[in-house]
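Accompanying notes for the structure given below.
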Amino acid sequence: MAVSDDATRLAETRLVTAGRDTTAQKGFVNPPVVRGSTVLYSTADDLHAHRGEFQYGRHGTPTTKALQQALIALEGPNCAGVGIAPSGVAAITTALLAILKSGDHLLVCDNVYRPTRLFCNGMLARYGVETTYFDPLIGSEIAGLFRSNTRAVIVEAPGSQSFEMPDIPAIANVAHQCGALVVDDNTWATPYFHRSLDQGVDISIQAATKYIGGHSDIMFGTVSANAKAWPMIADAIRQLGVCAGPDDVFLALRGLRTLAVRLEHHQRSGLDIANWLAARPEVRRVLHPAMSHDPGHAIWKRDFTGASGLFSIVLKEAPQRAVDALLDTVKLFGMGYSWGGFESLIIPFDCTSYRTATKWAPGGPALRLHIGLENVEDLKADLAAGFDAFNATLR
Ligand SMILES: Cc1ncc(COP(=O)(O)O)c(C=O)c1O
């Protein structure tokens with residue numbers, strides 16, 4: 001692991017301490033769940049001047065402030081502000097609406113989360129923004145795709161199904177020379193394992209539904225931005241009326257406090273199971289950037305301080321009934337999409353129909369696994385039972 005010990009120490013402590021104001025919280029460790037629309041002003045003068053720390057429920061409460069301060073501290077000195085959204089997708093769409101206008105051109109990594117793609121091809125296209133998809137491994141050759149009207153580049157490192165690892169610093173370098181902003185969906189690593197704003201990214205998105213919430217019980221999104229992008233993000237959030245419910249804000253902050261221990265566990269068990277899977281005769285390839293054989297390993301090692309618990313495998317060619325037998329046999333691995341909680345998950349996936357800049361041809365059925373916090377030997381035994389059922393269908 002490419003851990004800078006100092007950076008990890010700092011992040012671990014910040015996750016626990018940042019955004020806490022025990023005096024304002026009357027001694028309590030956690031902020032209250034403030035439910036509020038109306039904020040009252042003390043005097044007519046205050047009202048006329050809009051004077052007061054909080055002015056309207058949609059624009060922030062003591063609960064949202066605590067979460068935002070904690071996230072700003074975690075993102076590091078290049079973070080000028082963090083916006084809150086009711087889901088990861090809402091965070092992405094708000095960021096794009098903030099920085100694009102009719103007539104603009106957008107470059108999007110071909111391994112991007114599919115609903116991001118649907119927004120670019122749907123609503124953004126309808127509003128006159130043109131999108132070009134690019135090979136995640138393009139690096140600085142992305143220069144050839146820029147036009148005079150290219151305003152932004154979206155990256156996802158690694159892609160959350162296929163796990164290619166774009167070279168974000170190289171892409172950001174070119175984007176900035178061309179006057180474009182870089183947006184990163186940093187959900188896989190979180191700012192605990194990848195401080196994307198330190199690597200040339202202007203806007204870093206979290207589907208906080210995943211690891212920040214960490215318990216599969218909220219929908220939530222955050223948009224962290226540097227000083228160049230933050231005024232545009234803050235303005236869009238205000239104009240669009242984007243906000244989140246107070247219980248979810250509180251749960252996001254509560255999840256954040258234990259992010260380090262959970263992620264270290266997801267990483268350890270994830271790599272253990274990934275290595276175990278790599279030695280299984282049924283597995284053709286493991287797609288995990290923290291494994292030394294992975295094509296994205298050098299970039300991961302350079303830019304990330306750890307890996308979360310989400311990765312994919314490609315099985316050797318097998319009929320669908322064999323894959324379904326595996327899926328129907330495993331008990332600890334649930335079949336579900338929203339990863340990042342405490343539980344293990346498995347889903348089949350196939351990117352063939354929606355890739356446009358690259359071809360998805362893995363050479364066998366692909367499965368994505370999320371390794372949760374269960375005992376790792378129990379998880380291996382569960383998968384082994386799944387492979388027994390898989391093999392039984394082939395006899
Ligand atoms: C990489 C990535 N980004 C964004 C999202 C969207 O998050 P949400 O479900 O909170 O809208 C997801 C959800 O699966 C995701 O995997």
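Report the residue count in segment 176-202 for those that are among the polar types (S, T, N, Q) and free of Cβ contacts under 8 Å to residues at least 60 places away in the same chain. If you could, list the steps in order and put the result at the bottom.
Applying the first criterion (among the polar types (S, T, N, Q)) to segment 176-202 yields 177, 186-187, 190, 196, 199.
So of that shortlist, the ones also free of Cβ contacts under 8 Å to residues at least 60 places away in the same chain come out as 177, 186, 196.
Residues in segment 176-202 being among the polar types (S, T, N, Q) and free of Cβ contacts under 8 Å to residues at least 60 places away in the same chain: 3 in total.
Whether any residue in segment 61-69 is more than 16 Å from the ligand (Cβ to nearest atom), closer than 15 Å to ALA225 by Cα and within 17 Å of the chain's Cα centre (by Cα) is what I want to check.
Yes, because at least one residue in segment 61-69 is more than 16 Å from the ligand (Cβ to nearest atom), closer than 15 Å to ALA225 by Cα and within 17 Å of the chain's Cα centre (by Cα).
The set of residues from segment 151-173 being in a helix (DSSP H, G or I) and either away from the ligand (no atom under 16 Å from the Cβ) or more than 23 Å from THR187 (Cα to Cα) (or both) comprises PRO169, ALA170, ILE171, ALA172, ASN173. Scanning segment 222-229 turns up one or more residues that are within 16 Å of the ligand (Cβ to nearest atom), touching a Leu at 6+ places or on another chain (Cβ under 8 Å) and within 21 Å of VAL33 (Cα to Cα). In summary, SER148 fulfils each of the numbered conditions (1) farther than 16 Å from ASP184 by Cα; (2) more than 19 Å from the chain's Cα centre (by Cα); (3) assigned to a helix (DSSP H, G or I); (4) away from the ligand (no atom under 16 Å from the Cβ) with the single exception of condition (3). The set of residues from segment 186-216 being away from the ligand (no atom under 12 Å from the Cβ) and assigned to a loop (DSSP other than H, G, I, E, B) comprises HIS194, ARG195, GLY200, VAL201, ASP202, GLY214, HIS215.
Filtering segment 378-395 to residues that are surrounded by 13 or more Cβ atoms within 10 Å (Cβ to Cβ) and charged (D, E, K, R) leaves LYS380, ASP382.
From the list GLY81, GLY103, the one residue that fits, being of a type outside the set (S, T, N, Q), more than 21 Å from GLY241 (Cβ to Cβ) and away from the ligand (no atom under 15 Å from the Cβ), is GLY103. The lone criterion from (1) within 14 Å of ILE299 (Cα to Cα); (2) within 13 Å of the ligand (Cβ to nearest atom); (3) not in a loop (DSSP other than H, G, I, E, B) left unmet by VAL183 is number (1). Checking ILE218, ILE212 one by one, the residue that is at pLDDT 95 or above and touching a Gly at 6+ places or on another chain (Cβ under 6 Å) is ILE212 and no other.
Do the conditions hold for VAL89, that is, is it within 16 Å of the ligand (Cβ to nearest atom), buried (at least 19 other Cβ atoms within 10 Å of the Cβ) and not in a loop (DSSP other than H, G, I, E, B)? Yes.
Looking only at segment 336-354, decide whether some residue is surrounded by fewer than 18 Cβ atoms within 10 Å (Cβ to Cβ), away from the ligand (no atom under 16 Å from the Cβ) and over 30 Å from ASP110 (Cα atoms). For segment 336-354, residues surrounded by fewer than 18 Cβ atoms within 10 Å (Cβ to Cβ), away from the ligand (no atom under 16 Å from the Cβ) and over 30 Å from ASP110 (Cα atoms): absent. Answer yes if at least one residue in segment 370-387 is under 20 Å from the mean Cα position of the chain (by Cα), within 25 Å of ASP110 (Cβ to Cβ) and hydrophobic (A, V, I, L, M, F, W, C), and no otherwise. No, there is no match, as no residue in segment 370-387 is under 20 Å from the mean Cα position of the chain (by Cα), within 25 Å of ASP110 (Cβ to Cβ) and hydrophobic (A, V, I, L, M, F, W, C). In the set (1) free of Cβ contacts under 8 Å to residues at least 40 places away in the same chain; (2) within 19 Å of GLY270 (Cα to Cα); (3) of a type in the set (Lys, Arg), LYS359 fails one condition alone, (2).
State yes or no: is GLY296 within 16 Å of the ligand (Cβ to nearest atom), small (Gly, Ala, Ser) and closer than 14 Å to SER162 by Cα? Yes; evaluated as a whole, the condition is true for this residue. Name the residues in segment 106-118 that are away from the ligand (no atom under 13 Å from the Cβ) and of a type in the set (S, T, N, Q), would you? Across segment 106-118, there are no qualifying residues.
Checking each residue in segment 278-322 for being surrounded by 22 or more Cβ atoms within 10 Å (Cβ to Cβ) and over 24 Å from the mean Cα position of the chain (by Cα) picks out only LEU315.
For segment 169-194, filtered to residues that are under 16 Å from ALA229 (Cα atoms) and under 14 Å from the mean Cα position of the chain (by Cα), the residue that is surrounded by the most Cβ atoms within 10 Å (Cβ to Cβ) is VAL183. Consider PRO281 carefully, then state whether it is away from the ligand (no atom under 16 Å from the Cβ), at pLDDT 95 or above, farther than 23 Å from ARG114 by Cβ and out of contact with any helix residue (DSSP H, G or I) (no Cβ under 6 Å at 6 or more places or on another chain). In short, yes.
Any residue in segment 73-89 that is farther than 14 Å from LYS228 by Cα sitting within a Cβ distance under 9 Å of a residue that is basic (Lys, Arg) and more than 12 Å from the ligand (Cβ to nearest atom)? List the pairs, counting only those 6 or more apart or interchain. Qualifying pairs under 9 Å: ALA73/ARG14; LEU74/ARG14; LEU74/ARG195; GLU75/ARG195; GLY76/ARG195.
The values are calculated or read from the model by the stated rules, or taken from the named source; none is laboratory data. Computed from a predicted structure; not experimentally measured. Positions of Cβ are generated from backbone atoms using ideal geometry, with glycine treated the same way; all protein chains shown enter the neighbour counts.
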